[in-house]
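S.K.: Sharing a structure, written as structure tokens. Questions coming.
The values are calculated or read from the model by the stated rules, or taken from the named source; none is laboratory data. Just so it is clear, the model here is predicted, and its values are computed rather than measured. Note that we place each Cβ from the backbone using ideal geometry, even for glycine, and neighbour counts take in every protein chain shown. Side chains included, ligands, DNA and RNA excluded: accessible areas come from the protein's heavy atoms. Shrake-Rupley method; radii C 1.70, N 1.55, O 1.52, S 1.80 Å.
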Amino acid sequence: MGAMELFFVDGEISTQVEELAQFIGQQNQSAASFAAEVAQSSDPVQAVLTASQGVLPKVSEDKVEAAYNQLFAIARTGESGIDGVAAAVAKDISANAESGVAGLRVLNNLYNLANAAQLTVFSEMVVLAVRVNMLPTLVPLVSQLPKLLAGWTGSAQQKADVVLELRNALD
């Protein structure tokens with residue numbers, strides 16, 4: 001088993017942003033310059049969120065969940081909060097995650113943190129599960145679907161689309 005990397009999510013937001021910026025920069029072999037660029041940004045939180053797109057889903061399985069948890073801690077302090085970034089993050093993960101298990105774990109964490117965006121995150125969980133042939137992991141949720149639907153924010157059509165998407169995937 002490889003070494004585990006820990007991200008501490010307590011402390012000043014500026015420290016959290018700096019730590020994640022350095023980590024993202026390391027993934028692109030430009031840690032020092034990227035961290036400096038984020039620090040000079042007028043909105044460092046948004047800079048880190050934008051820079052994470054397409055990068056974090058490809059992080060190794062042993063680091064991806066910790067990196068996203070750091071990102072979620074940062075997003076919670078931002079102007080739009082978790083729900084404001086959930087759709088973009090969920091779509092990025094469902095399209096780019098290299099590990100289906102890790103991607104689904106991260107989406108599950110995001111789902112539990114989100115409020116208004118739970119419907120969108122669940123939909124992206126279905127997309128990822130289909131893409132990586134892990135749909136059976138979502139089957140236990142089918143019996144809970146009526147309860148989930150009642151709690152989700154969204155139009156009747158959006159809810160119907162997610163149910164149809166899941167049904168078609170299970171066929």
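S.K.: Across the stretch 95-103, in residue order, what do the Karplus-derived ³J(HN,Hα) couplings come to in whole Hz, using 6.51 cos²θ - 1.76 cosθ + 1.60 with θ = phi - 60° and x for Gly and Pro?
M.R.: Going residue by residue, I get 8, 10, 4, 8, 10, x, 5, 5, x Hz, with x marking Gly and Pro.
S.K.: For the chain, with only Lys/Arg (+1) and Asp/Glu (-1) charged at the beta-carbon, what is the dipole magnitude about the Cα centre, in debye rounded to 20?
M.R.: 600
S.K.: Give, in nm to one decimal, the length gained when the segment between ALA95 and LEU135 is fully stretched (0.36 nm per residue of separation minus the Cα-Cα distance).
M.R.: 12.9 nm
S.K.: Could you grab the relative contact order for the chain? Cα pairs under 8 Å, six or more apart, rounded to a whole percent.
M.R.: With pairs under 8 Å counted, the relative contact order is 17 percent.
S.K.: Also: For the stretch 23-109, take N as its residue count and report Rg(C-alpha) divided by 2.2 N^0.38 Å.
M.R.: 1.03
S.K.: Still on this model: Pull out a ≥ b ≥ c, the square roots of the eigenvalues of the alpha-carbon gyration tensor of the stretch 63-123, then state rounded if a/c is under 1.5, prolate if not and a/b is larger than b/c, and oblate in the remaining case.
M.R.: Verdict is oblate for the stretch 63-123.
S.K.: For the stretch 89-168, build the charge dipole from Cβ charges (+1 Lys, Arg; -1 Asp, Glu) around the Cα centre, then report which of LEU141, PHE122, GLY100 sits farthest towards its positive end.
M.R.: LEU141
S.K.: What's the ranking of 123-129, 162-168, 144-150, 22-28 by average number of surrounding C-beta atoms within 10 Å, highest first?
M.R.: Most protected by this proxy first, the peptides run 123-129, 22-28, 162-168, 144-150.
S.K.: Hey, any idea what % of the chain's accessible area is carbon plus sulfur with a 1.4 Å probe?
M.R.: With neighbouring chains kept in place, the figure for the chain is 53 percent.
S.K.: For the stretch 100-141, what's the relative contact order in percent, using C-alpha pairs closer than 8 Å and at least 6 residues apart?
M.R.: 39
S.K.: Next question. Would you mind working out the accessible area per residue for the chain, using a 1.4 Å probe, and quoting it in Å²?
M.R.: 52
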